[in-house]
Amino acid sequence: RAKQEGRGGFRFFEPRMDAEAQKRRQMELDLHDAIRLGQLSLMFQPLFDLSAGRISAFEALLRWHHPVRGLVSPVDFIPLAEDTGLIIPIGEWVIREACRVARTWPQHVRIAVNVSPVQFGHVGLKSVILQALAETGLAPNRLELEITESLFIENPEATLASLHSLRALGVRVALDDFGTGYSSLSYLRSFPFDKIKIDRSFIIDLLNSKGATAIIKSITTLAEALGMETTAEGVESAGQLDILRQQGCSHIQGYYFSRPIVETAVTEMLASDDLALRAAG
Ligand code: C2E
Ligand code: MG
Ligand code: MG
Ligand code: MG
């Protein structure tokens, strides 16, 4: 090949490039069979309602148990799934599995599911959701879709149309990772999100930056005025929680309250959550 014919720099670099490309190709092939082989699973992380003093929802977080590589992070395989189109069947599996698990939970506990921009733009999403709800009997307002701001950059009109069409089913919509990337206030005005999830990067800065506190304050004020809930992501300490409470944040999610847990542990957590609430009341 041309690259091997005398371009020294390239030749030097090439074996590694090949190894990378090969690894990626192998991961794609493996991911293709992951659903069929039962290698995907969901973990669930609670969202805690600060004013009600109880759990309001769990976010479904995807895990891939690779036979050789072990546990692969969604940060590593979701992009691969998006590039190959595999996110469509994988995303469908996530929605059905999440609804199946959540149907046994108490009525006030919702399930939040991450929806990739690629999946969001796919024509089949609405029918997948309808089917999952019908199959499981889960009330539509117990399903919350988490989407990201990037959708509004790529195709704002189509995004709005899809959001309204999904909302017509009765499902809830949350804006995930708010404040990263392309934040613009105009789309907060154009669609009534149920919830804004404040990105973890702002929470990390809380204890050593007055600016971060001011940003949280302005987001929660804005959200409240627009009738939207706020969830702070990645809360890891009591100090962060105190500030978030003071600044009017309505919900928290993070290791401070709980790491993501398996399905069976959710049932136990909900039982003790209910007990704690009754004891407090
Ligand atoms: P995300 O939707 O923003 O989810 C929150 C991530 O932060 C999760 O990482 C969660 O485990 C982590 N997290 C929660 N609390 C804390 C904390 O206190 N400290 C720290 N350091 N991290 C915390 P995870 O599970 O690795 O997921 C990463 C991302 O992968 C998610 O970010 C989401 O964008 C994507 N993802 C996960 N599951 C799915 C899925 O089913 N479909 C799609 N399309 N994307 C998914
Ligand atoms: Mg999320
Ligand atoms: Mg998030
Ligand atoms: Mg995030």
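The values are calculated or read from the model by the stated rules, or taken from the named source; none is laboratory data. Just so we're clear, the structure is a prediction, and the values are computed from it rather than from any experiment. Cβ placement follows ideal geometry from the backbone for every residue including glycine, while neighbour counts extend to all protein chains displayed. Remember, those area values only see protein heavy atoms, side chains included, never the ligands or the DNA or RNA. Shrake-Rupley method; radii C 1.70, N 1.55, O 1.52, S 1.80 Å.
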Unit charges at the beta carbon, dipole of the chain: most positive-side option, 204, 29, 79: 29
Rounded to the nearest 20 Debye, what is the dipole magnitude of the chain about its Cα centre when Lys and Arg each give +1 and Asp and Glu each give -1 at the C-beta? 160
Please state, to two decimals, what the Cα-based radius of gyration of the chain comes to when divided by 2.2 N^0.38 Å (N = residues). 1.11
Would you mind putting 156-166, 252-262 in packing order, based on average other-beta-carbon counts within 10 Å, highest first? 252-262, 156-166
For the modelled label position 7 Å from the Cα of residue 269 along Cα-to-Cβ, which residues of region 215-253 have backbone nitrogen atoms closer than 17 Å? 231-238, 251-253
Which of 130, 42, 216 sits farthest toward the positive end of the charge dipole of the chain, with +1 on the Cβ of Lys and Arg and -1 on the Cβ of Asp and Glu? 42
Based solely on its DSSP helices, what 222 nm [θ] is calculated for the chain when runs of n ≥ 4 H residues each add -39,500 (n - 2.57) and the sum is averaged over all residues, nearest 500 deg cm²/dmol? -15500 deg cm²/dmol
Between helix 156-167 and the chain, what is the angle of the helix's C-alpha long axis to the longest principal axis, kept within 0 to 90° and rounded to the nearest 10? 50
Please report how many Lys pairs in region 124-281 have alpha carbons closer than 21 angstrom, counting only residues at least 8 apart along the chain or sitting on separate chains. 4
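What value does region 59-174 have for Rg/Rh, both radii from Cα atoms and Rh as Kirkwood defines it? Don't skip to the answer; put the middle values down first.
Working: Rg = 14.3 Å, Rh = 14.8 Å.
Answer for region 59-174: 0.97.
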Return the carbon/sulfur percentage of the accessible area of the chain, one whole number, probe 1.4 Å, all protein chains in place. 55
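Leaving out ligands and nucleic acids, and using a 1.4 Å probe, what accessible area per residue does the chain come to in Å²? Show your work: numbers first, answer last.
Details: 14240 Å² over 281 residues.
Solvent-accessible surface per residue comes out at 51 Å².
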Where the centroid of each part is defined by its Cα atoms, how far is region 147-226 from region 26-95 in Å? 22
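For region 105-147, what is Rg from Cα atoms divided by 2.2 N^0.38 Å, rounded to two decimals?
Details: Rg = 11.0 Å, N = 43, 2.2 N^0.38 = 9.2 Å.
Working it through for region 105-147, the quotient is 1.20.
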